[in-house]
Amino acid sequence: MDFQLIRNATIKLKYAGNTILVDPMFSSKGSFESFAGISKNPIVDLTVSLDSVLEGVDFVIITHKHIDHFDSLAKDKLQKDIKLFCQPSDKEFIANEKFVNTEVIESNTVFDTISITRTAGKHGSGEILSQMGEVSGFVLEAEGEPTIYIVGDSIWIAEIENVISSFKPEIIITNSGGAILPGHENNPILMNEEQTILLAQYAKNAKVIAVHLESLDHCPVTRNSLRQKADANGIDQNRLIIPNDGQIISI
């Protein structure tokens, strides 16, 4: 399996003979609104060309419809007949964008030889949670391949523990930017350093790949702060991988 971090939560996987694109955000630096009143987003440009990102993609997974996971440029550049998987609450939103080969995953589906299971998440806690909408994660399974758990935009919750216990993924991809919205500073809407470490400690047999870092103005967690927290807790670079934008990792 090959993993590539494009930027933020946009990842590209080569898995079981297929190429999978997750949460495409293609916008150039400063193309859309600030989330924290600090800077327009994204705060960095892509480090790879759009042509290379789109090359060979067999299907796309959208974890949820927020602009930093499915932006206007992605909607424009993706072929309208590309196979696209989404959660039930986003069906109408994606249909309105004229994609004609979309499949809603209620629970589980199969593409080629890949089993795709949708999982739950919570995009924050307290008052902010009701404003964030539904989010999903996805588990990928295929014979001869490691089981991959794409957690999506969620804080550390019991449902994630249950997925790890049930599927025993060898690879877990976490959105670890610790995003905070103004007025809700005590209720991050993503896992931060502490919660990512809790997940890594719980999933003792998995490699954790942390993404959703250093791309948006409301995400205070940095690669360095996460690495320092991991080192302090005895979690080395083989267990918690923090890739740079554009980096390819073969597992």
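The values are calculated or read from the model by the stated rules, or taken from the named source; none is laboratory data. Treat the numbers as computed from the prediction; the structure is a model and nothing was measured. Backbone-built Cβ (ideal geometry, glycine too); neighbour counts: all protein chains shown.
Out of Lys80, Lys14, which single residue is of a type in the set (Lys, Arg), farther than 22 Å from Ile189 by Cα and in a loop (DSSP other than H, G, I, E, B)?
Being of a type in the set (Lys, Arg), farther than 22 Å from Ile189 by Cα and in a loop (DSSP other than H, G, I, E, B) holds for just one of Lys80, Lys14, which is Lys80.
Among the residues in region 20-41, are any buried (at least 18 other Cβ atoms within 10 Å of the Cβ), at pLDDT 95 or above and of a type in the set (D, E, K, R)?
yes
Going through Phe26, Phe3 one at a time, which residue ends up being among the hydrophobic types (A, V, I, L, M, F, W, C) and within 20 Å of Ile209 (Cβ to Cβ)?
Checking each option against the conditions leaves just Phe3.
Kindly evaluate Leu213 against the criterion of being modelled with pLDDT of 95 or more, out of contact with any strand residue (DSSP E or B) (no Cβ under 6 Å at 6 or more places or on another chain) and surrounded by 23 or more Cβ atoms within 10 Å (Cβ to Cβ). Spell out the reasoning first.
Numbers: modelled with pLDDT of 95 or more: yes; out of contact with any strand residue (DSSP E or B) (no Cβ under 6 Å at 6 or more places or on another chain): yes; surrounded by 23 or more Cβ atoms within 10 Å (Cβ to Cβ): yes.
Yes: the conditions hold for Leu213.
Considering only region 146-179, state which residues are over 14 Å from Lys204 (Cα atoms), hydrophobic (A, V, I, L, M, F, W, C), free of Cβ contacts under 8 Å to residues at least 60 places away in the same chain and in contact with an Asp or Glu (Cβ under 9 Å, 6 or more places away or on another chain).
Trp156, the sole residue that qualifies.
Would you pick out the residues in region 142-162 that are surrounded by fewer than 20 Cβ atoms within 10 Å (Cβ to Cβ) and either out of contact with any helix residue (DSSP H, G or I) (no Cβ under 7 Å at 6 or more places or on another chain) or among the aromatic types (Phe, Trp, Tyr) (or both)?
First, the residues of region 142-162 that are surrounded by fewer than 20 Cβ atoms within 10 Å (Cβ to Cβ): 143-147, 157-159, 161-162.
Once the filter is applied, which keeps residues that are surrounded by fewer than 20 Cβ atoms within 10 Å (Cβ to Cβ) and either out of contact with any helix residue (DSSP H, G or I) (no Cβ under 7 Å at 6 or more places or on another chain) or among the aromatic types (Phe, Trp, Tyr) (or both), region 142-162 yields Glu143, Gly144, Glu145, Pro146, Ile157, Ala158, Glu159, Asn162.
If I ask for residues that are more than 13 Å from Ile241 (Cβ to Cβ), touching a strand residue (DSSP E or B) at 6+ places or on another chain (Cβ under 9 Å) and in a helix (DSSP H, G or I), which ones from region 181-198 would you list?
Once the filter is applied, which keeps residues that are more than 13 Å from Ile241 (Cβ to Cβ), touching a strand residue (DSSP E or B) at 6+ places or on another chain (Cβ under 9 Å) and in a helix (DSSP H, G or I), region 181-198 yields Gln195, Ile197.
Give me the pairs: first residue in region 126-142 and within 18 Å of Asn162 (Cα to Cα), second residue crowded, with 18+ Cβ neighbours inside 10 Å and acidic (Asp, Glu), beta-carbon distance under 7 Å, and six or more apart or on different chains, which are they?
Qualifying pairs under 7 Å: Val135/Asp153.
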